[in-house]
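Reviewing the structure listed below.
The values are calculated or read from the model by the stated rules, or taken from the named source; none is laboratory data. Predicted model, so just to flag it, every value in this text is computed and none were measured. Here the Cβ is made from the backbone with ideal geometry for all residues, glycine too, and neighbour counts use every protein chain on show.
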Amino acid sequence: MAVTVKKVDTRDVDIAKTLIYLQKKCLPGDDLVDITAGHWWIAYDEFMLPVGFAGMVRSYYWNDCGYLCRAGVLKDWRGKGIQKKLLKAREKHAKKLGWNWLISDTTDNPASSNSLISCGFKLYDPSKPWGFKHTLYWRKKLNAVQRPRSKKKKTRGILEEILRSK
Ligand SMILES: CC(C)(COP(=O)(O)OP(=O)(O)OC[C@H]1O[C@@H](n2cnc3c(N)ncnc32)[C@H](O)[C@@H]1OP(=O)(O)O)[C@@H](O)C(=O)NCCC(=O)NCCS
């Protein structure tokens, strides 16, 4: 079973349709999440057929934190570690973006909770819980790759220094 996880561009109509299809199939009772915001991944089988998906958005409250907003794996493909692959892909990208934290929540979902535990997430109590009374909140501290300051900023800094010294 070779499953490949790819980061996808949701401006592509076929990708958008695939994400909507996967959301409907994996979470039939839930409202669709807006896929035009954030970062999205699709897991494909060896024939490049979609079998799972996941999304990540920047947290509303913290600049250096990503929120794992949604994920799903088609029924026949569950229990094969695909959600963990999707978690790892999101974590890798979050680090690339320089984010220091990932957060998520689960409600009545042992499989989702266990995959988060396997990937190193810990339970925590947010100061402003956003879910149901029994929702569980998860977070993971990342060792983000620090992005180098842009050349533009550096130049501006040097210019300011020269002007100040005159
Ligand atoms: C939650 C979901 C994404 C997990 O996907 P998956 O690819 O099957 O997950 P994984 O195989 O990577 O890991 C699942 C873990 O939960 C465990 N698990 C599976 N079913 C379980 C159950 N009924 N009770 C407890 N643990 C369970 C597995 O043993 C595995 O644990 P491990 O990491 O210790 O090995 C999938 O079940 C799903 O799509 N559910 C419907 C949509 C959904 O709930 N999405 C999440 C909220 S948006």
Name the residue that is farthest from THR106 (Cα to Cα), counting only residues in segment 65-92 that are basic (Lys, Arg) and within 10 Å of the chain's Cα centre (by Cα). LYS92
Residues being at pLDDT 95 or above and either crowded, with 19+ Cβ neighbours inside 10 Å or within 13 Å of the ligand (Cβ to nearest atom) (or both) - total across segment 14-29: 9
Taking the stated definitions as given, is ILE82 in contact with a Pro (Cβ under 9 Å, 6 or more places away or on another chain), more than 20 Å from LEU32 (Cβ to Cβ) and hydrophobic (A, V, I, L, M, F, W, C)? no
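Of the residues in segment 77-93, how many are within 9 Å of the ligand (Cβ to nearest atom) and in contact (Cβ under 8 Å) with a residue 40 or more places away in the chain? Step through it out loud before you land on a result.
Of the residues in segment 77-93, the ones within 9 Å of the ligand (Cβ to nearest atom) are 77-87.
Subsequent filtering for residues that are in contact (Cβ under 8 Å) with a residue 40 or more places away in the chain retains 77, 80, 82, 85-86.
So the answer is 5.
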Contacts under 9 angstrom Cβ, first residue in segment 94-123 being modelled with pLDDT under 95, partner within 9 Å of the ligand (Cβ to nearest atom), 6 or more apart: none
